[in-house]
Structure formats: structure tokens, C-alpha cells
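A quick write-up on the structure given underneath.
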Amino acid sequence: MHFSGEITQKVDGKGRVSIPADFRRVLDEGDPEAGDGKRARVRIVHGDPRRKYLECYTMRAFDRIVERVGSMPEGSEDREILELFVISGSEVCEVDNDGRIVLIQRLRDKIGLAKDGGEAIFAGALQTFRIWKPEDLEAEKSAKLAALQARVTGNANVLSLLPAAAGADR
């Protein structure tokens, strides 16, 4: 399973926001402790100051990242960067019985949500999903569109960016 689609959700003044139903199914499947009365969890990475969104992982997907970081040489600069911005720069949120999570104030501040809530967009990105402030996502789309237009001629299908399938002619 994967995360796909784009859904706008209301965030209330306490930071509660509903996770889209399709995303909850992926989170359930990706949390080995979910089920039998235990709620699914999501790992939210917020540590990279260059990003204007929250990157959300299933517990299994984040565990794979932890394993990869742990396999790097201790004390290496790359490992320390990853530990600081990804491992330390993340939170675990539990999905409540109503399918919501609470975005603590630090997370809301990261993406620039108003203190009294507002709207957030959940955007699927295959193995992760991202939570964006709507105007930041629109700005990102505009920037990516400009990059696309610089790379692809005319009205070529965006799928032309896909690598050729193994054994297939392009």
C-alpha cells in the first residue's frame, strides 16, 4: 500500500486534524503494534528547517530509516546530520478513535498554521505523506511546474519523466 491523493482537512484550535481514511489504512498496515485495541501511530518528521511541510511515515517505514542511519559510521558528519534533523527532529502521534492526530504547537508552527487552527493539505508521496499549509503547497507546485517546463518540451505527458521499465522500449 502507499499514500496517494491530496486532501484538505480542517485543523482545530487544539491542533486536532483528521487523517484521510485511505491514509489511515496505510498507517494501520504499517504499524506492527496496531490492532487488538491498540491504535495506529504515525512518525512525523519536522527537523529539516529547509522544508515547509511535515513528512509523515508509517512506523515500519521510519524503522527502516533508523536502521539505515544506525548502519552509518558513528560520529560521521552525515550520520550526525540525519540524527539531528530526522531522528531527533521527529514526533510520534497516535491516531485517536475518531481518526485524528494532534499536531502539537511546535508542528503547527513549523508549517505556519494559525494558533486557532486553519486548513492543512495531506499530500500523498508513496511511502510518506506530507502535511502542508495550502499556500506553501501551491507555491511548491508552481516551482515544480517551472522546473518541469524547463525540462520537458511542449505539452509532453508528465509521465515521460518515468524511467523506462526493465525490458521495455520507450
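Here are the numbers for this structure:
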item: Matching residues, segment 89-116, being of a type outside the set (Lys, Arg), touching a Gly at 6+ places or on another chain (Cβ under 7 Å) and under 22 Å from LEU27 (Cβ atoms); result: GLY89, SER90, VAL102, LEU103, ILE104
item: Cross-chain or 6+ apart pairs with Cβ under 8 Å, segment 31-42 first and surrounded by 11 or more Cβ atoms within 10 Å (Cβ to Cβ) and at pLDDT below 90, then outside any strand (DSSP E or B) and not hydrophobic (A, V, I, L, M, F, W, C); result: GLY35/ASP28
item: Pairs with Cβ under 6 Å, 6+ apart, first in segment 1-13 and closer than 22 Å to ILE104 by Cβ and in a strand (DSSP E or B), second of a type in the set (Gly, Ala, Ser) and at pLDDT below 95; result: VAL11/GLY117; VAL11/GLY118
item: Any hit, segment 80-88, residues being without any contact (Cβ under 8 Å) to a residue 12 or more places away in the chain and more than 21 Å from the chain's Cα centre (by Cα); result: yes
item: Count - residues of segment 99-127 that are touching a residue at least 60 places away in the same chain (Cβ under 8 Å), of a type in the set (D, E, K, R) and surrounded by fewer than 16 Cβ atoms within 10 Å (Cβ to Cβ); result: 4
item: Filter result for the condition that a residue is over 23 Å from TRP132 (Cβ atoms) and basic (Lys, Arg), over ARG24, ARG68; result: ARG68
item: Helices (runs of 4 or more DSSP H) wholly inside segment 56-170 containing at least 3 residues that are in contact with a Lys or Arg (Cβ under 7 Å, 6 or more places away or on another chain); result: 59-70
item: Number of the exception - SER4 against (1) within 14 Å of the chain's Cα centre (by Cα); (2) surrounded by 15 or more Cβ atoms within 10 Å (Cβ to Cβ); result: (2)
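Let's see how each residue does on (1) hydroxyl-bearing (Ser, Thr, Tyr); (2) at pLDDT 95 or above; (3) under 16 Å from the mean Cα position of the chain (by Cα); (4) within 27 Å of MET59 (Cβ to Cβ):
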| position | (1), (2), (3), (4) |
| --- | --- |
| LEU113 | no, no, no, yes |
| GLY124 | no, yes, yes, yes |
| ASP136 | no, yes, yes, yes |
| THR153 | yes, no, no, no |
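The values are calculated or read from the model by the stated rules, or taken from the named source; none is laboratory data. Nothing here was measured: the structure is a model prediction, and the numbers come from that model. No Cβ is skipped: glycine too gets one built from the backbone with ideal geometry, and neighbour counts run over all protein chains shown.
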